[in-house]
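Let me begin by presenting the structure, written as structure tokens, before commenting on it.
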């Protein structure tokens, strides 16, 4: 878990990488001759593609792992898969898995076996999605302080996170990141998707920490009513609702969910003027967000989030590589 100075370092590096012209030579020699392997045991478009683009823009070689055509189908273990890439010379493994804690367990096992390989968590179960939270933080910081995006841009702000909090690793990572910046967080959703225990989420230690590296965090407030949650907030992050939630009767149906918790231009009128909307994607149109709002680039920052994923992940790969 990062402290405030660590967050600022990532944001500063990302801003430098973001400033590289979009035309002409775009590669930097920072990771030239190094191999980055992307081990995605879950489907992904944005995260996987942006990590691979980030690695290539730093001049790294990239090896992409495809579970369906790998030795996993023959019974090979996750650890043996990681060891295979380490034996091929991979120094950085970007790992996504449906099991919480898998990237950390792989990192510990590789270290115990003497392999000098860095493991970057690209999303694990319901646990965390650190790089998504960092790109969300970067997107908001650039929105509020375009000349100098930093953690200070979020201090004293209020951000609403709306939707399926219970099953969201994005929400959990954003709770740690936004609170580290000093933001107040409004969590909003139906009780089946937002248990009352989330009011005490920040009372626990951050993942992998014995002590909290952030001396004073923002607070968390729970809401069931969307209009109340949005009143006076500076920004809104809405989360993808898996349609199986309706099939499991955690919500009545998608139409009722949109009526109760869908974000529209009308509902944004309760926020502070110009409050932006973010979504980690993929978006279920007219469920979490109205199609009209999704098509409004002044209020909906989804495409900016996607573009910011590349410099944020460049910064993370660069920083990890320098520790090897």
Once normalised by the length of segment 130-302, the mean sequence separation of its alpha carbon contacts under 8 Å that are 6 or more apart gives a contact order in percent of 21
Here the FRET efficiency for residue 191 versus residue 79, based on Cβ atoms and R0 = 45 Å and rounded to 0.05, is 0.70
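Return the equivalent ellipsoid semi-axes of segment 130-302 as a descending list in whole Å, where each equals the square root of 5 times an eigenvalue of the C-alpha gyration tensor.
24, 20, 14
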Note to self, the chain gives a 222 nm [θ] from helices alone (DSSP H runs n ≥ 4, -39500 (n - 2.57) apiece, / all residues, nearest 500) of -11000 deg cm²/dmol
One would report the antiparallel percent of DSSP beta bridges in the chain, rounded to the nearest 5, as 5
Across 141, 192, 183, the residue with the highest GNM fluctuation in the chain (Cα network, 10 Å cutoff) is 192
In whole µm²/s, the translational diffusion coefficient that Stokes-Einstein assigns to the chain, given a Kirkwood hydrodynamic radius over C-alpha pairs, 20 °C and 1.002 mPa s, equals 105
Distance in Å, no decimals, from the C-alpha centre of segment 27-105 to the one of segment 217-290 is 33
Checked segment 120-221 with the C-alpha gyration tensor, a ≥ b ≥ c its square-rooted eigenvalues, rounded below a/c of 1.5, otherwise prolate if a/b is larger than b/c and oblate if not; verdict rounded
Burial-style ranking of 151-163, 109-121, average other-beta-carbon count within 10 Å with highest first, yields 151-163, 109-121
In a Gaussian network model of the chain with springs linking alpha carbons closer than 10 Å, the residue among 209, 188, 300 that fluctuates most is 209
Note to self: C-alpha centroids of segment 1-20 and segment 151-203 sit apart, in Å, by 21
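Every read-out reported here was derived from the displayed coordinates using simple, explicitly stated rules and does not represent laboratory data. Computed from a prediction, not measured in an experiment: that's the story for all the values here. Because the Cβ atoms are built from the backbone with ideal geometry, glycine has one as well, and the counts that use them run over all protein chains shown.
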